[in-house]
Amino acid sequence: MTVSDAGGPMVIVGGGLAGGNATATLREEGFGGRVVLISREPGIPFGRPPMSKTYLRSQEDLDGWYVRPAGWYQEHDVERLGDGVVAVDAALHTVTLDSGGELEYQKLLIATGGRNRRLRVAGAELPGIHYLRTVAECDAIKREAVADRRAVIVGMGFIGCEVAASLTQLGVQVTTVFPGPAPLEKVLGAEVGAAIAAIHRANGVELCAEEQIVAFEGSDRVQAAVTASGKRIACDFAVAGIGIEPELPTFEGSPVTLTNGVLVDELCRASAPDIYAAGDVANHLHPVFGRVRVEHYNNAEKQGRAAARSMLGSTTPYDYIHSFWSDQYEHKLEYVGHAATWDEFVVRGSLQERRLIGFYLQDGLMRAAVGLDRGGDPEADLDSEMAACARLVAQRARPAPGRLADEHVDLWSLAT
Ligand SMILES: Cc1cc2nc3c(=O)[nH]c(=O)nc-3n(C[C@H](O)[C@H](O)[C@H](O)COP(=O)(O)OP(=O)(O)OC[C@H]3O[C@@H](n4cnc5c(N)ncnc54)[C@H](O)[C@@H]3O)c2cc1C
């Protein structure tokens, strides 16, 4: 170990999934010194996925999503501070807290996640317009979600799609407004985007594609959303899911490079000594994908753990093949890899029946794959088709498109 139990505290800033997993890993890997977890968010670290799905629909509480049970932190001598970090002095190795105090660190993990982008249009501050990241925000949406009320969803990325589905399942009449030609088109492409659009339409959601909100109207709360083309959509409430931005304290002393988050290497190390980053805030160098910042559960969990091991002296690069899932109605999406661009999209299965695996190739190289109601969960089923896809991506495979599409070819046989 390059760290000493007596060498000052390990400080984790941000008690979300990445921070919680890093904290647990420090103890589980045997660090016996002080561990301080500082978070602005009330409560213990937990996973957010049910807040657009089962928790939003009141089908599940959050207990199963805690990183560790409530008693674990005290039992493992972790100091939890309900506070924020406003500034880091990378030269002095100190953090300044919202409450005014200062704390020295031996090593510091930035796991501050992201904050929701806000709409900047007339009427955007009216009551009844919601965002979704925290439990309080989710509970506020739950209170609005009464059958037969009308909701406008702004943005059809993952949050927009999942909230549209959940609200529809609760009997809310949903209209969605989004800039692209189809939901999730930017991430998954036109073909899968069209399939997702068809699923939402089949469930009664009205889709306003290639549109944007220019204003909200209402006297004491939102009553309508107005689009660029002049459509006026009457509503009882609205939910905006228009992306996040990395949430960062300020940095002083030695320079810490901030480019779309905290720039870190394969060991989750920032440019200043003894500072690490993980989760949604970390723009990391990945051995397969190059430089990426991803906003997914599996990354936050695994990178949080990897960063903790690096803080303890491990020299193993973080090389997890990124993956995520999304649940909408009874449909399940699984995605492995990372393809910001691709020049060929190959389908195994049927887009029309909306049951397929799609492969994203760039210059013949398999960069990513998506499973729509097919392929299994690559994390839970290591023999699944999606797990085979992850292997192909990791191996930088160049499978022949015809063989990818051919149902008779076992995907595992294409991996070396
Ligand atoms: C509703 C919802 C549903 C989702 N569903 C899925 C899904 O189905 N699949 C999937 O792969 N991903 C999903 N995600 C994404 C996933 O939840 C995130 O990628 C993950 O939460 C990132 O974890 P994190 O620890 O990096 O950041 P966060 O979870 O954002 O945690 C950051 C923490 O840091 C705290 N903080 C911030 N700044 C400071 C500061 N200066 N000082 C102290 N504390 C600070 C914050 O309050 C917060 O507690 C979903 C996200 C949301 C919001």
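At a glance:
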quantity	calculated
Of all residues making up the stretch 235-250, the number that are assigned to a loop (DSSP other than H, G, I, E, B) and within 13 Å of the ligand (Cβ to nearest atom)	6
One residue from Asn298, Asn283 being within 20 Å of Ser323 (Cα to Cα), in contact (Cβ under 8 Å) with a residue 60 or more places away in the chain and either part of a loop (DSSP other than H, G, I, E, B) or within 16 Å of the chain's Cα centre (by Cα) (or both)	Asn298
The stretch 340-368, subset on the phi > 0 side of the Ramachandran plot and not in a strand (DSSP E or B), residue most open to solvent (accessible area, probe 1.4 Å)	Asp363
Complete set of residues in the stretch 96-121 that are in contact with a Gly (Cβ under 9 Å, 6 or more places away or on another chain), within 12 Å of the ligand (Cβ to nearest atom) and in contact (Cβ under 8 Å) with a residue 24 or more places away in the chain	Leu97, Asp98, Leu109, Ile110, Ala111, Thr112, Gly113, Gly114, Asn116
Filtered residues of the stretch 55-80 (kept if open to solvent by less than 60 Å² (accessible area, probe 1.4 Å) and either within 14 Å of the ligand (Cβ to nearest atom) or among the charged types (D, E, K, R) (or both))	Tyr55, Leu56, Arg57, Leu62, Trp65, Val67, Arg68
Enumeration of residues in the stretch 274-301 that are within 12 Å of the ligand (Cβ to nearest atom) and closer than 15 Å to Leu108 by Cα	Ala277, Ala278, Gly279, Val281, Ala282
Per-region count, the stretch 140-152, residues open to solvent by 40 Å² or more (accessible area, probe 1.4 Å) and away from the ligand (no atom under 13 Å from the Cβ)	6
Number of the exception - Glu137 against (1) more than 12 Å from the ligand (Cβ to nearest atom); (2) open to solvent by 40 Å² or more (accessible area, probe 1.4 Å)	(1)
Candidates Ala122, Ala90, filtered to the one that is of a type in the set (Gly, Ala, Ser) and either within 16 Å of Pro9 (Cα to Cα) or touching a Leu at 6+ places or on another chain (Cβ under 8 Å) (or both)	Ala90
Members of the stretch 301-339 that are over 19 Å from the mean Cα position of the chain (by Cα), among the hydrophobic types (A, V, I, L, M, F, W, C) and surrounded by 21 or more Cβ atoms within 10 Å (Cβ to Cβ)	Ala308, Met311
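One line per residue, one yes/no per condition, for (1) of a type in the set (D, E, K, R); (2) away from the ligand (no atom under 12 Å from the Cβ):
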{"position": "Asp265", "(1), (2)": "yes, yes"}
{"position": "Ala272", "(1), (2)": "no, yes"}
{"position": "Gln303", "(1), (2)": "no, no"}
{"position": "Leu333", "(1), (2)": "no, no"}
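The values are calculated or read from the model by the stated rules, or taken from the named source; none is laboratory data. What you see is a predicted model; the values in this text were computed from it and never measured. FYI the Cβ positions are ideal-geometry reconstructions off the backbone, even for glycines, and counts take in every protein chain you see. All accessible areas refer to the heavy atoms of the entire protein, side chains included, with ligands and DNA or RNA removed. Shrake-Rupley method; radii C 1.70, N 1.55, O 1.52, S 1.80 Å.
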